[in-house]
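Enquirer: Dropping a structure here in structure tokens format, bear with me for questions.
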Amino acid sequence: MRIYVTGEVPAAVRTALAEDFELAESPEGAAGILSLLTTAVDAALLDRAGPQLAVVANYAVGVNNIDLDAARARGVLVANTPDVLTRPTAELAVTLMLTLLRRVAEGDRLIRTREPWRFSLEFMLGESLDGKLVGIVGPGRIGRETARLVEAFGARTMFAGRGDPLDELLGAADLVSLHCPLTDETHHLIDAAALAAMRPSAVLVNTARGPIVDERALVEALRRGTIAGAGLDVYEDEPRVSEELVALENVVLSPHLGSATRPTREAMGALVVEALRAVLLRGETPTNLV
């Protein structure tokens, strides 16, 4: 049986697949697709694969790159990689928070300029997570783990889930951390109005998906002091990052590193391989069915 892999995957994953499947260079005739989040698995790609396609295993927990309705209409199962990336992604969210509050990236840039500096009691004072109110938008696995971690630093937490109004959270939180999936409903969930509802001293952290935030509105809010800062791991037109964001001092940027630890990526790979084996070799429903 043929498996179409839509991009580069770790060598161990490719080796594991090759034990049971023929690896195809194109989707035509594939029984399964291993997709990366950078691949749009739409109706056109599903139709290119053909009616024998049985499963798409997505090397990510988010499935916004997959047309689920199109897959369902064609009887194609979709699996993802939950749980194994919960802690690393939550860790990165907290890293961005602390980097913003303690001005770590700002200090790093200062040192690298070789400009003279010296210790003083008023030099580069920042903030602590202790006592801060962290608003979690999307209290799923990663959102709840982020809450657990920030509470260990002495922060308080509040949550807004699907369908909950955001006004109270946005108006009260010192930090707003995004963990919701990207859907039609959450596209530009954080727009100019949402940013205006936040406190001027608040910061926004996004480790979910870039288009949840209206990036143009965010740039304007940061320039005008509507909010104090932002920590971003994902971008609206990824991998392109706007020059306006790059130019801002009150922003910390990372290149989509949420799940980027070797053990995590290996565990994600094991899940997608197992999903393909379950459906195609054993005729089972994968445990990580979307």
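The values are calculated or read from the model by the stated rules, or taken from the named source; none is laboratory data. Small disclaimer: the values here were computed from a predicted structure and weren't measured. All Cβ positions, glycine included, derive from the backbone under ideal geometry; neighbour counts span all protein chains shown. Areas reflect the complete protein model, heavy atoms only, side chains present, ligands, DNA and RNA absent. Shrake-Rupley method; radii C 1.70, N 1.55, O 1.52, S 1.80 Å.
Enquirer: Please find, among GLU215, GLU220, the residue that is open to solvent by 10 Å² or more (accessible area, probe 1.4 Å), within 20 Å of ILE136 (Cα to Cα) and among the charged types (D, E, K, R). Explain how you work it out, then say what you get.
Expert: Values: GLU220 fails: within 20 Å of ILE136 (Cα to Cα).
So the residue among GLU215, GLU220 that is open to solvent by 10 Å² or more (accessible area, probe 1.4 Å), within 20 Å of ILE136 (Cα to Cα) and among the charged types (D, E, K, R) is GLU215.
Enquirer: Could you list, in sequence order, all residues of segment 199-224 that are among the hydrophobic types (A, V, I, L, M, F, W, C) and either in a helix (DSSP H, G or I) or free of Cβ contacts under 8 Å to residues at least 24 places away in the same chain (or both)?
Expert: To start, the set of residues in segment 199-224 that are among the hydrophobic types (A, V, I, L, M, F, W, C) comprises 202-205, 208, 212-213, 217-219, 221-222.
Residues satisfying the conditions are ILE212, ALA217, LEU218, VAL219, ALA221, LEU222.
Enquirer: I've got another one for you. Quickly run through segment 139-169 and pick out the residues that are basic (Lys, Arg) and either closer than 26 Å to THR81 by Cβ or touching a helix residue (DSSP H, G or I) at 6+ places or on another chain (Cβ under 8 Å) (or both). Steps first, please.
Expert: Going through segment 139-169, the residues basic (Lys, Arg) turn out to be 141, 144, 148, 156, 162.
Correct list: ARG141, ARG144, ARG148, ARG162.
Enquirer: In this structure, is THR226 among the β-branched types (Val, Ile, Thr), under 27 Å from GLU106 (Cα atoms) and open to solvent by 20 Å² or more (accessible area, probe 1.4 Å)? Steps first, please.
Expert: Values: among the β-branched types (Val, Ile, Thr): yes; under 27 Å from GLU106 (Cα atoms): yes; open to solvent by 20 Å² or more (accessible area, probe 1.4 Å): yes.
When the stated conditions are applied, THR226 passes them.
Enquirer: Do the conditions hold for ASN64, that is, is it within 23 Å of HIS179 (Cα to Cα), open to solvent by 30 Å² or more (accessible area, probe 1.4 Å), touching a residue at least 60 places away in the same chain (Cβ under 8 Å) and of a type outside the set (Val, Ile, Thr)? So that I can check it myself, show each step before the final result.
Expert: Details: within 23 Å of HIS179 (Cα to Cα): yes; open to solvent by 30 Å² or more (accessible area, probe 1.4 Å): yes; touching a residue at least 60 places away in the same chain (Cβ under 8 Å): yes; of a type outside the set (Val, Ile, Thr): yes.
When the stated conditions are applied, ASN64 passes them.
Enquirer: When you scan segment 82-114, how many residues do you find that are assigned to a helix (DSSP H, G or I) and within 24 Å of the chain's Cα centre (by Cα)?
Expert: Just the residues of segment 82-114 that are assigned to a helix (DSSP H, G or I), to begin with: 86-101, 104-112.
This time we only want the ones that are within 24 Å of the chain's Cα centre (by Cα), so: 86-101, 104-106.
Here the count works out to 19.
Enquirer: Checking the condition open to solvent by 10 Å² or more (accessible area, probe 1.4 Å), outside any loop (DSSP other than H, G, I, E, B), modelled with pLDDT of 95 or more and not hydroxyl-bearing (Ser, Thr, Tyr), which residue from ALA260, ALA278, ALA196 passes? Talk me through it step by step, then tell me what you get.
Expert: On the way: ALA260 fails: outside any loop (DSSP other than H, G, I, E, B); ALA278 fails: open to solvent by 10 Å² or more (accessible area, probe 1.4 Å).
Selected residue: ALA196, the only one of ALA260, ALA278, ALA196 that is open to solvent by 10 Å² or more (accessible area, probe 1.4 Å), outside any loop (DSSP other than H, G, I, E, B), modelled with pLDDT of 95 or more and not hydroxyl-bearing (Ser, Thr, Tyr).
Enquirer: Okay, moving on. Can you name the number of the only condition in (1) assigned to a loop (DSSP other than H, G, I, E, B); (2) of a type outside the set (Asp, Glu); (3) in contact (Cβ under 8 Å) with a residue 60 or more places away in the chain that TRP117 fails?
Expert: With respect to (1) assigned to a loop (DSSP other than H, G, I, E, B); (2) of a type outside the set (Asp, Glu); (3) in contact (Cβ under 8 Å) with a residue 60 or more places away in the chain, TRP117 is out only on (3).
Enquirer: Let me ask something else about it. If the Cβ limit is 8 Å and pairs must be 6+ apart or interchain, which residue in segment 91-107 that is acidic (Asp, Glu) pairs with which residue that is open to solvent by 60 Å² or more (accessible area, probe 1.4 Å) and part of a loop (DSSP other than H, G, I, E, B)?
Expert: Within 8 Å, the pairs are GLU106/GLU249.
Enquirer: Which one is most open to solvent (accessible area, probe 1.4 Å), of the residues in segment 173-183 that are assigned to a loop (DSSP other than H, G, I, E, B) and within 19 Å of TYR235 (Cβ to Cβ)?
Expert: Restricting attention to segment 173-183, the residues satisfying the condition of being assigned to a loop (DSSP other than H, G, I, E, B) are 173-174, 179-183.
So of that shortlist, the ones also within 19 Å of TYR235 (Cβ to Cβ) come out as 179-183.
Working: HIS179: 28, CYS180: 16, PRO181: 76, LEU182: 37, THR183: 54 Å².
Looking at the filtered set, the residue picked out is PRO181.
Enquirer: Follow-up. Residues THR113, THR146, THR157: which one is within 27 Å of ARG216 (Cα to Cα) and among the hydroxyl-bearing types (Ser, Thr, Tyr)? Break it down stepwise before answering.
Expert: On the way: THR113 fails: within 27 Å of ARG216 (Cα to Cα); THR157 fails: within 27 Å of ARG216 (Cα to Cα).
None of the others qualify; the one that does is THR146.
Enquirer: Further, regarding this structure: Among the candidates GLU91, GLU127, single out the residue that is closer than 30 Å to THR264 by Cα and either of a type outside the set (A, V, I, L, M, F, W, C) or open to solvent by 80 Å² or more (accessible area, probe 1.4 Å) (or both).
Expert: Numbers: GLU127 fails: closer than 30 Å to THR264 by Cα.
Testing whether each residue is closer than 30 Å to THR264 by Cα and either of a type outside the set (A, V, I, L, M, F, W, C) or open to solvent by 80 Å² or more (accessible area, probe 1.4 Å) (or both) leaves just GLU91.
Enquirer: Where residues in segment 97-120 are of a type in the set (S, T, N, Q) and more than 27 Å from ALA147 (Cβ to Cβ), which of them is most open to solvent (accessible area, probe 1.4 Å)? Walk me through it before giving the result.
Expert: Initially, segment 97-120 is screened for residues of a type in the set (S, T, N, Q), giving 99, 113, 120.
Adding the requirement that they be more than 27 Å from ALA147 (Cβ to Cβ) leaves 113, 120.
Values: THR113: 78, SER120: 53 Å².
Restricting to residues being of a type in the set (S, T, N, Q) and more than 27 Å from ALA147 (Cβ to Cβ), the top hit is THR113.
Enquirer: Taking the condition open to solvent by less than 20 Å² (accessible area, probe 1.4 Å), closer than 24 Å to SER201 by Cα, touching a Leu at 6+ places or on another chain (Cβ under 9 Å) and at pLDDT 95 or above, does GLY154 pass? Step through it out loud before you land on a result.
Expert: Working: open to solvent by less than 20 Å² (accessible area, probe 1.4 Å): no; closer than 24 Å to SER201 by Cα: yes; touching a Leu at 6+ places or on another chain (Cβ under 9 Å): yes; at pLDDT 95 or above: yes.
Answer is no for this residue.
Enquirer: Quick test for you: out of ALA71, ALA54, ALA79, ALA30, pick the one residue that is more than 26 Å from the chain's Cα centre (by Cα), open to solvent by less than 10 Å² (accessible area, probe 1.4 Å) and not hydroxyl-bearing (Ser, Thr, Tyr). So that I can check it myself, show each step before the final result.
Expert: Numbers: ALA71 fails: more than 26 Å from the chain's Cα centre (by Cα); ALA54 fails: open to solvent by less than 10 Å² (accessible area, probe 1.4 Å); ALA79 fails: more than 26 Å from the chain's Cα centre (by Cα).
The conditions single out ALA30.
Enquirer: Follow-up. For segment 162-172, indicate whether the set of residues that are within 21 Å of LEU101 (Cβ to Cβ), of a type outside the set (Phe, Trp, Tyr), part of a strand (DSSP E or B) and open to solvent by less than 40 Å² (accessible area, probe 1.4 Å) is non-empty.
Expert: Within segment 162-172 (the criterion being within 21 Å of LEU101 (Cβ to Cβ), of a type outside the set (Phe, Trp, Tyr), part of a strand (DSSP E or B) and open to solvent by less than 40 Å² (accessible area, probe 1.4 Å)), the answer is no, since none of the residues qualifies.
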